[in-house]
């Protein structure tokens, strides 16, 4: 049955370039940001059957290979509707994090999706233009190599403000839990009122707290935090935006 993409934009972070996330555990259809071009050269681990092609790549988390991860090649793809559709081919990563989707019918496929560990979330590669999925052209008797996919989790927890709380803008301090192997964090603070300019977007912080210095207008706000390692790869993000109100 076709999987509906989750967008956390869990959602793949790749060298593949993944995008999107769901509201379930972990990112769903996260967006990949490392590259606009998902194809590269490599050494084939298997040869395709005559008249078919292979698709080969690697899945990493925190710069380490991840084994037993499901990967799907989709003939058609709709990010917000049907998800992966048409003829699909699946494979799982080996102990080195490598996957080979073998004996694929030669044609252009609309998406390559990677499951986020044992969750219902997937990440997919983007073309680097907007949020369109990358295309994968499989050629007979050849292996199509795709860049490594860097997964990230969706289990980073915020501490302050509490979800659903009402706070004062004066001396407001944003806080979140420290994440294993995180070298720094990024957070975004958006107002529910679209006429209000977002006070902070992708603000980089080396610690686990930030004192808000910019004036905040009264109303609802949404806090999103992401953790990155020293190689600038995302490790985790808050599964949902923390919503609170400034009085």
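If I filter the range 3-26 for residues that are in contact with a strand residue (DSSP E or B) (Cβ under 6 Å, 6 or more places away or on another chain), more than 23 Å from residue 233 (Cα to Cα), outside the structural domain of residue 239 (by TED's automatic domain parsing) and modelled with pLDDT under 95, do I get at least one hit?
Scanning the range 3-26 turns up at least one residue that is in contact with a strand residue (DSSP E or B) (Cβ under 6 Å, 6 or more places away or on another chain), more than 23 Å from residue 233 (Cα to Cα), outside the structural domain of residue 239 (by TED's automatic domain parsing) and modelled with pLDDT under 95.
Of everything in the range 208-247, what is under 23 Å from the mean Cα position of the chain (by Cα) and in a loop (DSSP other than H, G, I, E, B)? Give them in sequence order.
Within the range 208-247, 208, 229, 230, 231, 232, 233, 238, 239, 240, 241 meet the criteria.
Is one or more of the residues making up the range 168-178 modelled with pLDDT under 95, surrounded by fewer than 18 Cβ atoms within 10 Å (Cβ to Cβ), more than 30 Å from residue 75 (Cβ to Cβ) and out of contact with any strand residue (DSSP E or B) (no Cβ under 9 Å at 6 or more places or on another chain)?
Within the range 168-178 (the criterion being modelled with pLDDT under 95, surrounded by fewer than 18 Cβ atoms within 10 Å (Cβ to Cβ), more than 30 Å from residue 75 (Cβ to Cβ) and out of contact with any strand residue (DSSP E or B) (no Cβ under 9 Å at 6 or more places or on another chain)), the answer is yes, since at least one residue qualifies.
Among what's in the range 145-162 and is more than 15 Å from residue 113 (Cα to Cα) and in a strand (DSSP E or B), pick the residue that is modelled with the lowest pLDDT.
Step by step, filter the range 145-162, then rank; the result is 153.
The values are calculated or read from the model by the stated rules, or taken from the named source; none is laboratory data. Only a predicted model underlies this, so the values are computations on that prediction, with no experimental measurement involved. Note: ideal-geometry Cβ built from the backbone for every residue, glycine included; neighbour counts use all protein chains shown.
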